[in-house]
Amino acid sequence: MNITPPLSEKVIRALHAGDQVTISGSLYTARDAAHKRLVELIEQGKDLPFDLRGRILYYVGPTPPRPGRVIGSAGPTTASRMDRYAPVLIEKAGLAGMIGKAGRGENVVEAMKRFGAVYFAAIGGAGALLSSHIIQSEIVCYEELGTEAVRRLTVENFPVITAIDSHGNSLYREGPERWGSRNSTK
Amino acid sequence: MTSRTIEFEKIVTAIAEMCEQAAHDLPEDVAQGIRDAYEAEKSPLARSILQKLIHNYEIAARERLPICQDTGFAVYFVEMGNSCSLDRGSVTEAITQGTAIGYKEGYLRASIVNDPLFDRINTKDNTPPIIHVETVPGNHLRIMLLPKGGGCENMSYLAMLKPSDGIEGLIRFVVDSIVLSEGNPCPPTVVGIGIGGTSDKAMTLAKKAHFRRPLRAPNPDPRYAELEQRLLQEINNSGVGSMGLGGTVTALAVHIENFPCHIASLPVAVNLNCHAARFAEVTL
């Protein structure tokens, strides 16, 4: 299945944990420092520097590009560091999707269920492969944060896995249960 | 043993080259480990992940692009022969300079902040590195580099077990650590375990375990070698799988380093390395 942001509620609700998905179109990047700033703006009642409604945030801090390259190596970082901020962005800014690696806290999953958002896993440590699916990169804001600046990436067939869906199903729970040896005789 | 003088500049150049090489070229023993994991894995989703990892390290080598955007904290283990010396400066200074040059000129990510709690300002050249120096007989200088990712380093564990906890207690602690880590350290991981010494020694041993070459070489003591195999099996039985999404391969290898310890203690440290288990070395 190929999806293109902004995502509609219908598309979000149709995604299920375990689905392999490709994304084409634009993604926004943000890590810890950018999240902190975005949430501070929301708490102060100020506008965000870009519209997050229906959008997907990619948790990534790329390597600097060599001359002639669009972007350097660009794989996902640990998503749980953004758990403190993600529910606010989902509820108040309309964030629809997140791409990172490894599981999320209950507070994030609750917000995803309630307001309709999905969490995708990109393959950690596959930064060279994922970089080859990024065809454009421009800085949107917070340039002074270096690798942590917010970028708009144009991607083509960017491969991800629906890891936690908007119904609360999590592959981080179901996968190990299914493949752990205690259950292998089922 | 004839004493030797090594040029400071020669070390700087070698280190800069090593930083780039380690970021781009996955060691062949690790690449083989991932290919073997692909063959052994039963989950179709995990197999497709492992296939992409193989594709990833091929692209990285061909395009001189880092295997992972987290090009790590540069951790060095140095064996310095007691009959060798430098023409100027110290080995620590030379390695630090080489690291700064390698990360800047190699377009690698600067991931180090100057102060852990208050400032957190990026040092911009990925220094300082972590350097462990051991003095050994001889006149050679061997420097090994492990670029260590933040995601896997965050999954580090220490238990000061009771001697009566024994082998079973140790296995439980290690497997629990792996299950608790889920997808965070980017499995399939290399599991470094330090047993014995003091708390700090155990952690250093767990880190040193990642420097063992080739990957999957057994501990020289057959009892520890057998324990490595048993732990690998128990870890793979956990079902955590590639990226924590479920599967039958959770670790590529288990390496144990052991050391004498106090009569009252059984320290056990676990340090995980991601599947992009990068490594480079040079002997001068």
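Laboratory data are not the source of any read-out in this text; all were calculated from the coordinates shown. Small disclaimer: the values here were computed from a predicted structure and weren't measured. Cβ sites come from the backbone with ideal geometry, for glycine too, and all protein chains shown count toward neighbours.
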Distance in nm between pseudo-label sites at B:GLN229 and A:GLU177 (7 Å out along the Cβ direction from Cα): 3.5 nm
Starting from the Cα of A:GLU138, step 7 Å along the direction of its Cβ; do the same at B:ASN237; then give the gap between the two resulting points in nm. 5.6 nm
Nearest-20 debye value, the stretch B:162-250 charge dipole, Cβ charges on Lys, Arg, Asp, Glu: 360 debye
Excluding same-chain residues fewer than 8 positions from B:LYS201, which aspartates and glutamates have a Cα within less than 14 Å of its Cα? B:GLU134, B:GLU257
Take the alpha carbon atoms of the stretch B:118-152, find their center, do the same for the stretch A:133-169, and report the distance between the two centers in whole angstrom. 31 Å
Just to verify a number: FRET efficiency for A:ASN2 and B:SER85, C-beta to C-beta distance, R0 = 60 Å, to 0.05? 0.45
Going through A:LYS10/A:LYS46; B:LYS10/B:LYS208; A:LYS46/B:LYS52; A:LYS92/B:LYS42; B:LYS10/B:LYS124 one by one, the pairs whose alpha carbons sit over 31 Å apart turn out to be A:LYS46/B:LYS52; A:LYS92/B:LYS42
Taking the inverse of the average 1/r across all pairs of different Cα atoms in chain B, what Kirkwood radius in Å do you get? 19.6 Å
Counting DSSP beta bridges in the stretch B:67-209, what percent are antiparallel, to the nearest 5? 55 percent
From the residues A:VAL39, A:THR147, A:ASN157, which one has its Cα farthest along the dipole of the stretch A:31-186 in the positive direction, the dipole being from +1 and -1 charges on Cβ of Lys/Arg and Asp/Glu about the Cα centre? A:ASN157
So, with +1 on the Cβ of K and R and -1 on the Cβ of D and E, and no other charges, what is the size of the charge dipole of the stretch B:53-137 about its Cα centre, to the nearest 20 debye? 220 debye
Cβ charges +1 (Lys, Arg) and -1 (Asp, Glu), total dipole of the stretch B:44-87, debye: 360 debye
Gain in span if fully extended, B:HIS140 to B:GLN32, counting 0.36 nm per residue against the direct Cα distance: 35.9 nm
With the dipole of chain B worked out from charges on the C-beta (+1 for Lys and Arg, -1 for Asp and Glu) around the Cα centre, which of B:PRO116, B:GLY247, B:VAL133 lies farthest toward the positive end? B:GLY247
Farthest toward the dipole's positive end in the protein assembly as shown, which of A:GLY124, A:LEU89, B:THR71, given Cβ charges of +1 (Lys, Arg) and -1 (Asp, Glu) about the Cα centre? A:LEU89
Among the aspartates and glutamates, which have Cα under 16 Å from the Cα of B:LYS104 when same-chain residues fewer than 8 positions away are ignored? B:GLU17, B:GLU20, B:ASP70, B:ASP125
In straight Cα distance, which aspartates and glutamates are under 19 Å from A:LYS36, not counting same-chain residues fewer than 8 positions off? A:ASP47, A:ASP51, A:ASP83, A:GLU91, A:GLU143, A:GLU144, A:GLU148, B:ASP115, B:ASP119
Among the GluC sites (Glu not before Pro) in the stretch A:80-147, which ones are in a DSSP loop with at most 14 other Cβ atoms within 10 Å of the Cβ? Mind listing them? none
Cut-off 19 Å (backbone N to label point 7 Å along Cα→Cβ of B:GLU168), residues of the stretch B:206-249: B:227-228, B:230-235
Relative contact order, percent, of chain A when contacts are C-alpha pairs under 8 Å separated by at least 6 residues? 30 percent
Quick one: work out the % antiparallel among DSSP beta bridges in chain B, nearest 5. 55 percent
Between the stretch A:6-43 and the stretch B:207-284, the Cα center-to-center distance that results, in Å: 36 Å
